[in-house]
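Down below is the structure, laid out as structure tokens.
Just so you know, all these numbers are worked out from the coordinates, no wet-lab data involved. Everything quoted here is computed from the prediction, not taken from an experiment. Positions of Cβ are backbone-derived with ideal geometry, glycine not excepted, and every protein chain shown enters the neighbour counts.
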Amino acid sequence: MKKTRQPKWLETAVFYEIYPQSFYDSNADGIGDIEGIIEKLDYIKTLGCNAIWMNPCFASPFLDAGYDISDYYTVAPRYGTNADIKRLFEEVHKRDMHILLDLVPGHTSWDHPWFKESCKATKNEFTDRYIWTDSVWEGPENMGSLHGISERCGSVGVNFFSHQPALNYGYYKTKKPWEQKMTDEGPQKTLEAMIDVMRFWLKMGCDGFRCDMAHSLVKRDENSKGTISTWNKIRKFMDAEFPNAAILSEWGEPDKSLAGGFHMDFLLHFGPSHYNDLFRCEKPYFSPEGAGSAKQFVKTYKANYEKTDGKGLMCIPSGNHDMSRLSYQLKESELPLAFAFILSMPGAPFIYYGDEIGMRYLAGIPSVEGGYERTGSRSPMQWDKSVNAGFSAAPADKLYIMTDPDENRPDAATQINDPSSLYSCVKKLIAFRQAHSALGSTAEIEFVSDGYPLVYRRKDKNESILVVIQPSAKPAEIKAAGEVICSIGKGGSLSDGTLNLSGESAVFVLEK
Ligand code: GLC
Ligand code: CA
């Protein structure tokens with residue numbers, strides 16, 4: 001495998017995603033906070049995760065759970081202070097862990113002072129910080145826009161929700177007189193401003209960023225060439241000033257994002273990866289009926305793997321704050337197998353908080369802070385069997401999002417003490433991954449079968465491990481040689497070059 005410069009810690013990183021609102025409330029106001037995260041770091045570490053990605057924690061009117069930032073330099077008071085987050089960085093590092101913050105480079109809140117300045121009719125420093133047309137009657141092409149909201153006669157482009165005006169990184173191809181080139185002063189200043197934000201937090205001690213809607217920066221950029229070159233400038237800054245920090249993209253097209261200098265990209269519920277075929281569709285591959293298909297996923301994965309070999313990591317998350325929970329469309333008996341897959345693939349694995357105990361997706365609960373149907377994946381972490389599942393000592397009606405009302409809701413305390421729980425299985429799989437370099441982020445993968453069972457070989461210079469996962473309830477038989485060193489479910493037996501595998505099982509064979 002070709003090697004490019006990667007921060008060393010990424011090679012063994014196993015990430016845990018924290019949605020700060022819902023993780024742990026340390027002061028009984030009903031909402032999770034930074035002190036709460038500090039108190040639970042040992043839980044994350046004990047599970048085996050050694051890295052964290054935390055969703056946005058900056059000042060915001062919270063119309064999109066904090067993805068609408070009004071001050072990039074200040075922690076939102078609900079979570080604590082900048083001094084608290086600095087302490088979080090220190091506590092993370094004390095435990096030999098790393099933490100990525102969430103950078104939202106593509107848009108701000110409409111409450112951001114930059115935006116208010118840019119709405120003014122008189123020219124000022126922020127006039128070109130956003131994408132404005134030169135008439136209130138004309139909107140920008142191919143994007144939503146706001147008009148009639150400013151003193152300035154123009155319409156302004158939005159990136160996602162209407163309250164999220166798009167920052168101006170320029171157009172790859174310009175057409176209209178008001179469309180600016182990437183090299184124009186406005187877009188250049190936007191980029192400088194974003195690098196300044198990154199520098200501020202990196203200096204304070206964070207280890208990098210997950211970059212929101214990373215694909216969205218440059219407009220009329222059909223093949224993403226402009227966006228790729230913009231990110232390369234950011235990577236250059238990182239290499240020069242913070243070579244051990246990492247950037248991870250929400251993009252879903254590793255052939256593009258890694259060319260843009262990202263150290264890692266996600267395979268996601270949107271984009272061409274076929275990630276949904278595995279866990280989130282009508283007939284997921286991980287189902288005992290064996291009625292799904294991993295073929296398109298494997299095909300796309302292989303193509304990306306070839307294109308990106310050595311450039312960076314493709315990361316498979318168990319879920320995130322934008323999609324339904326892993327447990328929603330999978331049967332309980334399939335969850336350990338899904339984790340056997342996620343935790344034995346190349347790239348850095350990501351576990352969404354609560355997925356390790358099989359937290360449920362709360363379909364149909366009221367939307368909170370622009371979550372809409374995503375709210376069901378953002379409910380409070382279930383720590384134990386006490387009030388509010390141990391998340392908060394506030395009255396239940398004061399909680400940020402309601403807890404799962406099911407009296408049999410899973411909780412961490414119970415599962416930690418049960419060797420047959422999902423938690424124990426995930427913990428075992430992480431430890432197993434960490435004990436075998438062939439299962440690491442950058443070790444090779446070679447697919448052997450993309451049907452039922454799914455079979456792939458992971459190897460590096462030390463060893464070769466055959467991973468065999470049978471989500472279907474039917475037993476399977478394949479050729480294999482070596483020794484079974486880990487099994488999930490009923491497992492299988494290996495003799496005379498034949499592996500007999502029970503249904504809904506996974507085994508790892510150390511090849512001879
Ligand atoms: C990303 C975030 C999502 C947010 C959106 C707009 O997709 O993950 O939660 O709503 O960007 O920032
Ligand atoms: Ca709190």
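Here are the numbers:
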item: Among (1) within 16 Å of ligand 1 (Cβ to nearest atom); (2) within 15 Å of residue 252 (Cα to Cα); (3) of a type outside the set (Ser, Thr, Tyr), the one test that residue 313 misses; result: (1)
item: Evaluation of residue 71 against (1) within 18 Å of residue 98 (Cα to Cα); (2) over 18 Å from the mean Cα position of the chain (by Cα) (one fails), failing number; result: (1)
item: Residues within region 273-310 that are outside any helix (DSSP H, G or I), on the phi < 0 side of the Ramachandran plot and in contact with a helix residue (DSSP H, G or I) (Cβ under 6 Å, 6 or more places away or on another chain), tallied; result: 5
item: Meets criteria (closer than 30 Å to residue 337 by Cα, among the charged types (D, E, K, R) and touching a His at 6+ places or on another chain (Cβ under 6 Å)) for residue 378; result: yes
item: Qualifying positions in region 420-439 - touching a residue at least 40 places away in the same chain (Cβ under 8 Å) and either surrounded by fewer than 18 Cβ atoms within 10 Å (Cβ to Cβ) or among the charged types (D, E, K, R) (or both); result: 427, 428, 431, 433, 434
item: Set 256, 233: member being assigned to a helix (DSSP H, G or I), crowded, with 22+ Cβ neighbours inside 10 Å and among the basic types (Lys, Arg); result: 256
item: Residue within region 40-58 that is out of contact with any helix residue (DSSP H, G or I) (no Cβ under 6 Å at 6 or more places or on another chain), more than 16 Å from ligand 1 (Cβ to nearest atom) and farther than 28 Å from residue 343 by Cα present; result: no
item: Members of region 440-463 found to be free of Cβ contacts under 8 Å to residues at least 40 places away in the same chain and acidic (Asp, Glu), listed by number; result: 446, 460
item: Hey, residue 255 over 28 Å from residue 186 (Cα atoms) and under 22 Å from the mean Cα position of the chain (by Cα) or not; result: yes
item: Pair list, Cβ < 7 Å and 6+ apart or interchain, from region 384-407 residues that are outside any loop (DSSP other than H, G, I, E, B) to residues that are away from ligand 1 (no atom under 16 Å from the Cβ) and polar (S, T, N, Q); result: 388/403; 389/382; 389/403; 396/388
item: Region 162-183, subset within 16 Å of ligand 1 (Cβ to nearest atom) and under 27 Å from residue 232 (Cα atoms), residue surrounded by the fewest Cβ atoms within 10 Å (Cβ to Cβ); result: 166
